[in-house]
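Down below is the structure, laid out as structure tokens.
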Amino acid sequence: MTQFDSPDQPRNANVTSLLQHQIDRGMLAKSSAPAPAQNNLNPVVSFHRYELREIMGLYGRKVAAGEWRDYAMDFTPHKAIFSIYRRTSEVPLFRIEKDPKLTRKQGTYCVITPTGLILKRGDELERVLKVFEKPLKLIK
């Protein structure tokens, strides 16, 4: 039994009193994590449900064709990124980005290659994703 154990206190109370004792003596620093209300000060940009439906529909078709195998989504305060991979260990084949700051200038959505080349840019996601659709050829 330690100095903090007593038979009439539950075990959780002993741990709490030990932690408080260590904080008081300077052995342990208090947590400096922000309060949950402070997390809302920096909202992140994300894809909406209909945008994800369009992207995942395209992704599913390409996976079924054997062209793509993996994806990743990143959400930052400035943009949302959907990265498409052929193999998990490689760099992304394409990135579909949503940047609301560019809505009035160049368009909210864009498709970018690994080298940084912008394949298509625009305000409508459906039109931007058409860059992945192969045109049908008429064979005579």
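Residue by residue through the range 44-74, note down the ones that are surrounded by 15 or more Cβ atoms within 10 Å (Cβ to Cβ) and of a type in the set (Phe, Trp, Tyr).
47, 59, 68, 71
Mind telling me which of the residues 58, 19, 41, 28 ends up being at pLDDT 70 or above and not aromatic (Phe, Trp, Tyr)?
58
Return the pairs, sorted by first residue and then second, in which the second residue is of a type in the set (D, E, K, R) and buried (at least 17 other Cβ atoms within 10 Å of the Cβ), the first residue lies in the range 91-109 and is touching a residue at least 24 places away in the same chain (Cβ under 8 Å), the beta carbons are less than 8 Å apart, and the residues are 6+ apart or on different chains.
Every condition considered, the pairs that remain are 98/51; 98/79; 99/79; 100/79.
For the range 79-90, which positions are assigned to a loop (DSSP other than H, G, I, E, B) and either in contact with a Ser or Thr (Cβ under 9 Å, 6 or more places away or on another chain) or exposed (fewer than 11 other Cβ atoms within 10 Å of the Cβ) (or both)? Give the derivation first.
Of the range 79-90, the ones assigned to a loop (DSSP other than H, G, I, E, B) are 79, 86-90.
Those that are assigned to a loop (DSSP other than H, G, I, E, B) and either in contact with a Ser or Thr (Cβ under 9 Å, 6 or more places away or on another chain) or exposed (fewer than 11 other Cβ atoms within 10 Å of the Cβ) (or both): 87, 88, 89.
Among the residues of the range 115-122, is any in a helix (DSSP H, G or I), touching a helix residue (DSSP H, G or I) at 6+ places or on another chain (Cβ under 9 Å) and either of a type outside the set (A, V, I, L, M, F, W, C) or more than 25 Å from residue 134 (Cβ to Cβ) (or both)?
no
Which numbered condition in (1) among the acidic types (Asp, Glu); (2) out of contact with any helix residue (DSSP H, G or I) (no Cβ under 8 Å at 6 or more places or on another chain); (3) outside any strand (DSSP E or B) is the only one that residue 126 fails?
Residue 126 satisfies every listed condition except (2).
Suppose we filter the range 95-121 for residues that are surrounded by fewer than 17 Cβ atoms within 10 Å (Cβ to Cβ) and in contact with a strand residue (DSSP E or B) (Cβ under 6 Å, 6 or more places away or on another chain); how many remain?
So the count comes out to 4.
Can you pull out the residues in the range 42-72 that are acidic (Asp, Glu) and in contact with a helix residue (DSSP H, G or I) (Cβ under 6 Å, 6 or more places away or on another chain)?
51, 54, listed by residue number.
Any chance you could count how many residues in the range 71-107 are touching a Pro at 6+ places or on another chain (Cβ under 6 Å) and hydroxyl-bearing (Ser, Thr, Tyr)?
Going through the range 71-107 one residue at a time, the tally reaches 2.
The values are calculated or read from the model by the stated rules, or taken from the named source; none is laboratory data. Given the structure is predicted, the values throughout are model-derived calculations rather than measurements. Don't worry about glycine lacking a Cβ; one is built from the backbone with ideal geometry, like all the others, and counts go over all protein chains shown.
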